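Only the coordinates and a few stated rules stand behind these numbers; no lab work does. In this text, all values refer to a predicted model and were calculated from it rather than measured experimentally. Glycine also receives a Cβ, built like all others from the backbone with ideal geometry; neighbour counts cover every protein chain displayed.
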């Protein structure tokens, strides 16, 4: 741990709220939260506040959030449904 | 492959028959691709694997996720796209397995010992002005004192393990033989106590950060 990580921890301690969502509640809310972000829709400020507070405190849930936000932004379904070039296979071949 | 609404997904996946088989195959393909992209682009810890390996992992994760999705179909409330809801299972599956590969396998006693040492090291870095070093050490001693006196053993282990040594909540949950939810609650209770004790000593966030920033 370095100074930067220590100061982040101190910020997490002081950001602690009396009531916070638990991991299950947060993960259940992530799909709708991520869809709203991707579609640039307004998120209920209370929900946004609660989920973002939890993600800032919980490395495991933040991993899931970042992964979910990334894959849902990649138009995976559109590629398959509309039979666009097989971007995964072709990029894999190119990278190999 | 056909485009499906949330309702189409739910009704076809819930009703046995040819439609269900087709929907399962399509969903499996979405999951497989999604988790492959996740492993390829978002997991530096997978960068040493070949694309063939990643495809193989993606197959396994997708298969496991399909089973979980079928078991949890009745929990889908339609508040998101069905596929976004489904991707959560496969990302969770992959992230969970990768976390397992990074387990520290450190004992609970060592977590406290090493976590406390981490805090001491932060306070007494070399090349600090003597006055600043003394101020930092005094502040750190107050923080360590609160951790030891105000928090119970589990709360100390959780805070020192997760926040200061990078253990995952999942690993700690296995060590505590409990659920991640419970570990999060232990962490939350520990943070609340630490914050309250710091404030009771009239120590603000700014007081602490001023001592430890910019060096």
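Numbers for the structure displayed
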{"item": "Spherically averaged projected area in nm², based on the convex hull that wraps the Cα atoms of the stretch B:100-208", "result": "7.4"}
{"item": "Relative exposure of A:23, A:58, B:46, judged by other C-beta atoms within 10 Å (fewest first)", "result": "B:46, A:23, A:58"}
{"item": "Estimated D of the stretch B:149-201 in µm² per second, where Rh is the Kirkwood radius over Cα pairs and Stokes-Einstein applies at 20 °C, 1.002 mPa s", "result": "194"}
{"item": "Radius of gyration and Dmax over the Cα atoms of the protein assembly as shown, both given in Å", "result": "22.5, 76"}
{"item": "Among B:27-37, B:57-67, the order from most to least packed when residues are scored by Cβ within 10 Å on average", "result": "B:27-37, B:57-67"}
{"item": "Contact order relative to length of chain B, as percent, for alpha carbon pairs under 8 angstrom and 6 or more apart", "result": "16"}
{"item": "Packing-based exposure ordering (other Cβ within 10 Å, fewest first) of A:68, B:172, B:54", "result": "B:54, B:172, A:68"}
{"item": "Computed Kirkwood radius, in angstrom, where 1/r is averaged over Cα pairs of the stretch B:1-139", "result": "18.5"}
{"item": "Angle in degrees between helix B:51-72 and the longest Cα principal axis of chain B, rounded to the nearest 10", "result": "80"}
{"item": "Ranked B:201, B:185, criterion: other C-beta atoms within 10 Å, fewest first", "result": "B:201, B:185"}
{"item": "Span from the the stretch B:97-144 Cα centroid across to the the stretch A:31-45 one, whole angstrom", "result": "38"}
{"item": "Average partner coverage of A:22-30, which counts Cβ from other chains inside 10 Å", "result": "5"}
{"item": "Å³ per residue enclosed by the Cα convex hull of the stretch A:12-71", "result": "79"}
{"item": "Residue of B:122, B:186, B:106 that the Gaussian network model of chain B assigns the largest fluctuation, springs spanning Cα pairs under 10 Å", "result": "B:122"}
{"item": "Relative contact order [Cα under 8 Å, 6+ residues apart], the stretch B:8-127, whole percent", "result": "24"}
